[in-house]
Amino acid sequence: MKAWKVVGILENGKLSSVWAKGKARKIYRYGVKNYPPQWLAMYGYGLICFRTKKQAVMFIRYDFVLSKIMRVEVGNPIPCKPHIPFDCLCAGKVESNRNDPNVWPDGTIMVPWVKLIGG
C-alpha cells in the first residue's frame, strides 16, 4: 500500500519524526522498512502516515518545522491508538491524555512500518 509521510529534516540532513523527540524520535532511512521505537510498538503503536498528499500538506501547513512530505510504502494499517501527551511521548511513557479528544488529523493511518520511496 502507498501513503504519504511527513518527516522532519535535522541539521545533519537526516530525516526524522516531525514532532516526536527524545525516546520517541525515529530516524528514517530510504529504501528499507522503518519501524516505530520498540517501546511504542510494545504498546501496539505504529507510525503515522496519511492516505493522500493533500492530507499530509494540511497536517503540516501551519507549522514552522523544517519538514518534507515523502511518498512511502506501508504495512497494512492498524487501528489508531489513543494520543499520548507530548511530554510523556518524549519521555518514553505511555499515558492517555484526559483533555485530548483522540481525534487524529483527517486521513491519518497508523502502520507497523514505512519504507521511504520518494518525495
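The values are calculated or read from the model by the stated rules, or taken from the named source; none is laboratory data. Here the structure is a predicted model, which means the values were calculated and not measured. Cβ sites come from the backbone with ideal geometry, for glycine too, and all protein chains shown count toward neighbours.
Remarks
- Residue ID - surrounded by the most Cβ atoms within 10 Å (Cβ to Cβ), chosen from residues in segment 52-63 that are part of a loop (DSSP other than H, G, I, E, B) and charged (D, E, K, R): D63
- Qualifying positions in segment 32-76 - more than 20 Å from G107 (Cα to Cα) and of a type in the set (K, R): K33
- For segment 2-18, the set of residues classified as surrounded by fewer than 18 Cβ atoms within 10 Å (Cβ to Cβ) and on the phi < 0 side of the Ramachandran plot consists of K2, I9, L10, E11, N12, K14, S16, listed by residue number.
- Checking the stated criteria, F86 turns out not to satisfy the condition of being more than 17 Å from I117 (Cβ to Cβ) and touching a Gly at 6+ places or on another chain (Cβ under 9 Å).
Results for (1) farther than 19 Å from M1 by Cα; (2) at pLDDT below 85; (3) exposed (fewer than 12 other Cβ atoms within 10 Å of the Cβ), shown as yes or no for each residue.
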| site | (1), (2), (3) |
| --- | --- |
| K21 | yes, no, no |
| A41 | yes, no, no |
| F50 | no, no, no |
| V65 | yes, yes, yes |
| F86 | yes, yes, no |
| P112 | no, no, no |
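- Among the residues making up segment 3-40, a single one is closer than 12 Å to V114 by Cα, among the small types (G, A, S) and in a loop (DSSP other than H, G, I, E, B): G31.
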